Amino acid sequence: QVQLVESGGGLVQPGGSLKLSCAASGSISSISHMYWYRQAPGKQRELVADITRGGSTTYADSVEGRFTIARDNAQNTVYLQMNSLKPEDTAVYYCKALSRGFGFWGQGTQVTVSS
């Protein structure tokens with residue numbers, strides 16, 4: 001079992017920045033990939049970024065160049081640095097960990113981009 005707790009969400013103006021954190025606990029040594037997803041009202045949950053244990057990353061086209069995912073294996077934490085935020089980035093952001101073929105989710109953190 002893996003437990004995930006996200007933090008760092010909030011209200012920010014367009015063009016601003018936020019940094020999300022996701023702290024993992026439990027069977028953390030078995031975690032391979034970690035992900036950030038988001039879900040806007042009335043829309044499906046979408047993959048924003050992912051990172052392997054070795055540090056390889058991929059991003060959705062909509063956030064490429066603006067968001068950065070990073071992983072601190074010593075602190076069992078994954079981060080999402082979000083810059084140049086747009087109103088369309090407004091969503092609940094979820095952290096996910098892949099462990100032995102199973103996916104574990106956090107509870108989500110709200111990000112609202114509005115003036």
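The values are calculated or read from the model by the stated rules, or taken from the named source; none is laboratory data. All of these numbers come straight from a predicted model, not from anything done at the bench. Quick reminder, even Gly has a Cβ in these numbers, built from the backbone with ideal geometry, and neighbours come from all protein chains shown. The accessibility values were calculated without ligands, DNA or RNA, using every heavy atom of the protein model including side chains. Shrake-Rupley method; radii C 1.70, N 1.55, O 1.52, S 1.80 Å.
In this structure, GLY54 does not satisfy being surrounded by fewer than 13 Cβ atoms within 10 Å (Cβ to Cβ), in contact with a strand residue (DSSP E or B) (Cβ under 9 Å, 6 or more places away or on another chain) and over 17 Å from VAL5 (Cα atoms). Among the residues making up the range 32-86, a single one is among the basic types (Lys, Arg), in a strand (DSSP E or B) and either at pLDDT 95 or above or out of contact with any Gly (no Cβ under 7 Å at 6 or more places or on another chain) (or both): ARG38. The numbered conditions (1) over 17 Å from GLN107 (Cβ atoms); (2) open to solvent by 60 Å² or more (accessible area, probe 1.4 Å) are all true for ARG45 except (1). The residues of the range 1-22 that are open to solvent by 50 Å² or more (accessible area, probe 1.4 Å) and under 15 Å from the mean Cα position of the chain (by Cα), listed by number, are GLN3, VAL5, SER7, SER17, LYS19. Taken together, ARG38, ARG71, ARG66 contain a single residue that is charged (D, E, K, R), surrounded by 13 or more Cβ atoms within 10 Å (Cβ to Cβ) and in contact with an Asp or Glu (Cβ under 8 Å, 6 or more places away or on another chain), which is ARG38. The single condition from (1) assigned to a loop (DSSP other than H, G, I, E, B); (2) free of Cβ contacts under 8 Å to residues at least 40 places away in the same chain that SER29 fails is (1).
Residue-by-condition table, conditions (1) of a type in the set (D, E, K, R); (2) closer than 24 Å to GLY15 by Cα:
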position	(1), (2)
HIS33	no, no
TYR37	no, yes
SER56	no, no
ASP61	yes, yes
ASN73	no, no
THR77	no, no
GLU88	yes, yes
GLY103	no, no
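Cβ-Cβ distances below 8 Å connect the following pairs, each with a first residue in the range 33-46 that is within 21 Å of ASN76 (Cα to Cα), a second residue that is β-branched (Val, Ile, Thr) and at pLDDT below 95, and a separation of six or more residues or different chains: HIS33/THR52. The C-beta contact set for the range 88-115 (first residue among the basic types (Lys, Arg), second residue part of a helix (DSSP H, G or I) and open to solvent by less than 40 Å² (accessible area, probe 1.4 Å), distance under 7 angstrom, 6+ apart or interchain) comprises ARG100/SER30.
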